[in-house]
């Protein structure tokens, strides 16, 4: 099994790779599609955005650069689509790009303080969002109308994932692999109201029905060169209304990415196989697809599962598409280190 951690890409900064140029015949998207956010390599400002059309099976690469005449930036870490807008967190450039999903053109850029290293984002409404800052132990309050940072809310060390449920933002504090807490921010006042103890190394966070929050804890690596002293990944369930942990399921390995189908199923990658858990019966863990995959996304409209393979991290990655029953439907090449997906409806 490959042993990786999302920040391992920092070590690849010495490898220079230039993405292939793009010459799309039509930058506008009529019926939506699937955005693939390609991280690129640390320090090289070669993050990129790909778009896959499931109907035609056509892939367009480097969309942001083609539409805007400039680089997306340094390390594309997270993407979220809402209505006709997509929000892209560019980690190494300390900024958030907001684009129109039909044209892929920028509506505006929010630039944060140098070195805060934004990681993951949630949208409260059309005007306000929240983004975690890895190296500032904070969550920035974003204004999407003025494209500015309104305020910062202190949280735990090295925050990663964030999700909203029952009027609370739940923030996973990874502490670069040694953290064990989730901070809570009350949305009505945008103030910190406490924290919960969870498993080791919490990262991705999601909610399905607005009342339960799921936190994927990758487990401790201990001595990175010695797998025998590791602790396994766990999936933690939080009752958002009661603000307490109500379940913990051992996943195994060091799973660090997850996505929901929008109903009850969670797909988890990073443990030597893609696992599926039905939150209505969380005691049963299915192997959905064997193999090591870097990223996972689920199209809630079709149930199709998108899995990314970063390959060697210095050549373009590959995305494979599976039906909800685990049958491969196709595969295509993406950009450098494809890591996150967003599903666009026009």
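The values are calculated or read from the model by the stated rules, or taken from the named source; none is laboratory data. Bear in mind that the values here come from a model prediction, so they are computed numbers and not experimental data. We place every Cβ from the backbone using ideal geometry, glycine too, and count neighbours over all the protein chains shown.
Condition check for residue 82 on (1) within 15 Å of the chain's Cα centre (by Cα); (2) surrounded by 18 or more Cβ atoms within 10 Å (Cβ to Cβ): one failure, at (2).
Here is a yes/no grid of residues against (1) outside any strand (DSSP E or B); (2) surrounded by fewer than 20 Cβ atoms within 10 Å (Cβ to Cβ):
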site: 108; (1), (2): no, yes
site: 115; (1), (2): yes, yes
site: 121; (1), (2): no, no
site: 126; (1), (2): yes, yes
site: 130; (1), (2): no, no
site: 142; (1), (2): no, no
site: 146; (1), (2): yes, yes
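For region 78-88, state whether one or more residues are at pLDDT 95 or above, under 23 Å from residue 138 (Cβ atoms) and touching a helix residue (DSSP H, G or I) at 6+ places or on another chain (Cβ under 9 Å). Yes, region 78-88 contains a residue that is at pLDDT 95 or above, under 23 Å from residue 138 (Cβ atoms) and touching a helix residue (DSSP H, G or I) at 6+ places or on another chain (Cβ under 9 Å). When the test is whether a residue is buried (at least 20 other Cβ atoms within 10 Å of the Cβ), within 30 Å of residue 166 (Cα to Cα) and assigned by TED's automatic domain parsing to the domain that holds residue 210, residue 341 does not pass it. In this structure, does residue 205 turn out to be at pLDDT 95 or above, within 20 Å of residue 171 (Cα to Cα) and over 19 Å from the mean Cα position of the chain (by Cα)? Judged against the criteria, residue 205 is not a match. Looking at region 274-313, none of the strands (runs of 3 or more DSSP E) lying wholly inside it contains 2 or more residues that are crowded, with 16+ Cβ neighbours inside 10 Å, touching a helix residue (DSSP H, G or I) at 6+ places or on another chain (Cβ under 7 Å) and not assigned by TED's automatic domain parsing to the domain that holds residue 78.
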